[in-house]
Structure formats: structure tokens, C-alpha cells
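As C-alpha cells, the structure follows; a few thoughts come after it.
The values are calculated or read from the model by the stated rules, or taken from the named source; none is laboratory data. Keep in mind it's a predicted model, so treat the numbers as computed, not measured. So basically every Cβ, Gly included, is an ideal-geometry build from the backbone, and we count neighbours across all protein chains shown.
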Amino acid sequence: MPPRAPSSKRLEPLRHADAGVLNIGYYEAGPADGPAVVLLHGFPYDIHSYVDVAPILAEQGCRAIVPYLRGYGPTRFLDKATMRSGEQASIGADLMALMDALSIPRAVFAGYDWGGRAACIGAALWPERCTGLVCVNSYLIQDIANALKPAKVEREMALWYQWYFQTERGRAGLAEDRRSITRTLWRQWSPNWSFDEACLERTSVAHDNPDYVDIVIHSYRHRYGLAASDPRYADIQRRVAALPPIIVPAITLDGEDDGVAPATDGKAGAAKFTGSRVHRRVPHAGHNLPQEEPEIFAAAVMELVRP
């Protein structure tokens with residue numbers, strides 16, 4: 001097993017690309033002519049979820065692209081008038097815009113949480129651009145039409161932060177003390193991950209982005225049908241509302257100690273994967289699986305790069 005990066009190591013230098021409505025900050029490693037892999041982070045994390053994954057892939061000849069999502073780090077909107085939408089359609093569109101900006105015809109999409117959702121949308125709507133999908137927690141496209149149906153009580157308890165963000169008190173809390181919210185969620189979601197304050201701070205500076213609060217609040221309100229969509233994404237939103245299947249080869253992973261999305265046998269979402277799909281449970285891992293078990297995550301990516 002290769003040594004893990006120190007908790008203060010940063011993925012640098014960053015590059016920037018105008019892509020759709022954004023100027024996206026991203027890290028790139030590996031040969032420019034290698035098979036492309038786009039690694040997508042979630043909330044409340046940043047590109048350093050892949051601080052150990054990206055070098056492993058680069059060493060095996062991949063071109064690893066690790067972008068900051070909208071509202072994170074140095075990624076900025078090109079027009080101050082653009083709606084600060086965090087809806088699922090927007091992050092799927094951002095993925096495709098980045099690939100176009102970097103002239104990447106096809107890539108493996110890999111992610112978890114918000115990033116896994118963007119990867120699922122890209123794979124489902126643009127399979128000709130996706131050579132394979134690695135996703136934590138299986139099929140992540142939101143079923144907004146049924147989002148207000150209650151879940152089991154223990155599941156609702158784990159989603160406290162989503163209910164908090166429906167309120168203006170929650171917005172104010174996120175704006176005033178986003179680091180404490182991040183620390184609390186990391187501990188809840190990854191009980192076996194021994195991160196330190198340097199690790200937390202390395203990621204938390206990405207949450208100082210001026211659009212972070214607006215994007216996060218809109219994301220969690222929109223997914224329950226409680227916030228309006230950006231009209232520019234109406235067609236994508238219409239298409240994802242049909243919960244389209246994923247036809248590309250896929251590997252789905254669940255952390256057995258994930259504190260927000262309990263591990264499953266993968267059968268519940270199996271019908272949404274109409275191509276080849278393998279589902280695995282990862283012992284001791286929590287929600288931030290790429291950072292907690294980078295070797296396992298990178299190995300899954302390489303299975304799709306070199307089937």
C-alpha cells in the first residue's frame with residue numbers, strides 16, 4: 001500500500017477553464033494523452049477527497065481531472081447575474097461543459113455524494129461521453145417528484161442537516177459557522193475516519209467561496225421541490241425527472257460504516273443499471289470513500305479504464 005498524503009498536502013498547481021456558466025478551477029495529473037478520468041467531490045468536501053486517488057491513477061497512465069464544483073474553492077460564475085443554482089441538472093451540465101472546454105471526448109466518471117450525482121447524470125444522459133461509471137451509494141439521480149414521501153424515522157434523523165437548510169435559520173447557521181457543520185457531518189458520516197484539524201481546514205477554505213451558501217441552500221431546497229429551477233436547465237431537468245437508466249459499465253461502492261447513506265446489497269437500484277454493473281461493500285469505510293479508502297476507489301476506476 002503506498003503512503004497516504006499528509007493531511008496538509010494540497011493538490012496544486014490548479015488550472016482554470018471557462019466552461020459553460022463557470023470558470024472552473026481544477027487539478028490535473030497524469031499524461032495529457034492518457035485515458036481520462038473525471039473525479040467529482042461531494043458536500044461538504046472538496047477536491048482533496050482525491051488527494052491519494054489522483055496520484056495512483058496518474059501513475060497508471062490516466063489523465064486525472066479533479067474539478068471544484070460550483071460554489072467551491074476557486075470556481076466562479078462568469079456572470080454575476082447567473083442564478084446560483086445547486087440543482088442536480090446544473091452539476092450534470094457543468095461536467096459536460098468542462099469536458100467540452102478541455103476537449104475530452106470520453107472519460108470515466110467517478111464520484112460520491114453531489115459528485116456521484118453529477119457522474120450518474122452524465123452517464124445516463126450522455127453515455128457516448130462516458131466510458132464507465134464509479135459511484136458511491138449506487139444510483140444517485142434524485143426522484144424529486146416523490147421526494148416529500150417520508151422515510152423511516154432512523155433515516156430521517158440522519159438527514160437533520162437537510163431539514164435545517166430548509167429554514168432561514170439553517171442558512172444563517174451555514175453562513176456563520178460552516179466549519180463546525182463540516183466537522184459535525186464528517187464525524188457523523190465517517191465514524192472510522194481519523195481526520196485532523198489540518199485536513200479539515202484544507203477542505204474548509206474551499207467553502208469560503210462567495211457562492212457556497214447560496215448553492216448549498218438551493219441544492220437542498222430544490223431536491224424537495226421547494227425551490228425553483230434555473231430555466232436554462234429545464235431540458236436536462238425534464239430528462240432526469242424520468243430517472244433514466246445507466247447503460248455504461250458501472251461499479252458501485254458502499255461504505256459499510258456510512259453514517260448518512262447506509263450500505264445495501266445494491267439490489268434496490270439494480271434496475272437502473274442496464275449495462276454491466278458490479279456492486280461492492282467496503283468494510284470500515286464511511287461516506288467520503290475515496291479519501292478513506294483511496295486504493296479501493298482507484299482500483300475500481302482502473303477496472304473500467306482497462307476492462
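Residues in segment 248-307 that are under 20 Å from R129 (Cβ atoms), in contact with a Lys or Arg (Cβ under 9 Å, 6 or more places away or on another chain) and among the hydroxyl-bearing types (S, T, Y): how many?
Count: 1.
Looking at M1, M83, can you tell me which residue is of a type outside the set (K, R), at pLDDT below 95 and more than 19 Å from the chain's Cα centre (by Cα)?
None of the other options fit; the residue is M1.
Name the residues in segment 59-84 that are under 18 Å from V213 (Cβ atoms) and assigned to a strand (DSSP E or B), would you?
R76, F77
I need the full set of residues from segment 142-161 which are without any contact (Cβ under 8 Å) to a residue 60 or more places away in the chain and surrounded by 15 or more Cβ atoms within 10 Å (Cβ to Cβ), in order please.
Y161
Please count how many residues of segment 265-282 are part of a loop (DSSP other than H, G, I, E, B) and more than 21 Å from the chain's Cα centre (by Cα).
Number satisfying all stated conditions: 5.
Name every residue in segment 56-110 that is over 22 Å from S204 (Cα atoms) and basic (K, R), in order of residue number.
If the condition is that a residue be over 22 Å from S204 (Cα atoms) and basic (K, R), then R63, K80, R106 are the ones that fit.
If you check P231, P290, P245, which single one turns out to be crowded, with 23+ Cβ neighbours inside 10 Å and of a type outside the set (V, I, T)?
Exactly one residue qualifies, and that residue is P290.
Among the residues of segment 164-175, is any hydrophobic (A, V, I, L, M, F, W, C), within 27 Å of Y139 (Cβ to Cβ) and within 21 Å of the chain's Cα centre (by Cα)?
Checked against the condition, which is being hydrophobic (A, V, I, L, M, F, W, C), within 27 Å of Y139 (Cβ to Cβ) and within 21 Å of the chain's Cα centre (by Cα), segment 164-175 yields at least one hit.
Within segment 16-47, count every residue that is farther than 12 Å from I65 by Cα and under 14 Å from the mean Cα position of the chain (by Cα).
Final tally of qualifying residues: 5.
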